[in-house]
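Visitor: Provided herewith is a single structure, encoded as structure tokens, for subsequent inquiry.
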Amino acid sequence: MGWALSETLEAEATTVAAFKMAERNRPLFHSLLFHSDRGVQYACSAFREQLEEMPVLRSMSRKGNCSR
């Protein structure tokens, strides 16, 4: 598990930092499904590129359907 606090939604300060912490706490040995809403911090290139280097399959909710 990882977490990050920030006053902005910039990916480097939020999702990238939190995922790096999670990876340090629990290294990936198998594939992982990462599901999120369509927030800019999850869809930006910095976060996408981080996940592309790992055995991670990204999944996003459809527009206007954040609860699924």
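FYI, it's all coordinate maths here, none of it is from the lab. No experiment lies behind these values; they were computed from the predicted model shown. Virtual Cβ from ideal backbone geometry, glycine too; neighbours counted across all protein chains shown.
Visitor: Using per-residue counts of other Cβ atoms within 10 Å, averaged over each peptide, order 54-61, 15-22, 38-45 from highest down.
Guide: Final packing ranking: 15-22, 38-45, 54-61.
Visitor: Counting only residues 5 or more places away or on other chains, whose amide H sits under 5 Å from the amide H of Ser36 once H atoms are built in the peptide plane?
Guide: Ser59, Met60, Ser61
Visitor: Over the chain, calculate the relative contact order: mean separation of alpha carbon pairs under 8 Å at least 6 apart, over the residue count, as a percent.
Guide: Once normalised by length, the contact order is 32 percent.
Visitor: Based on the Cα coordinates of region 1-42, what is the per residue volume of their convex hull in Å³?
Guide: 68 Å³
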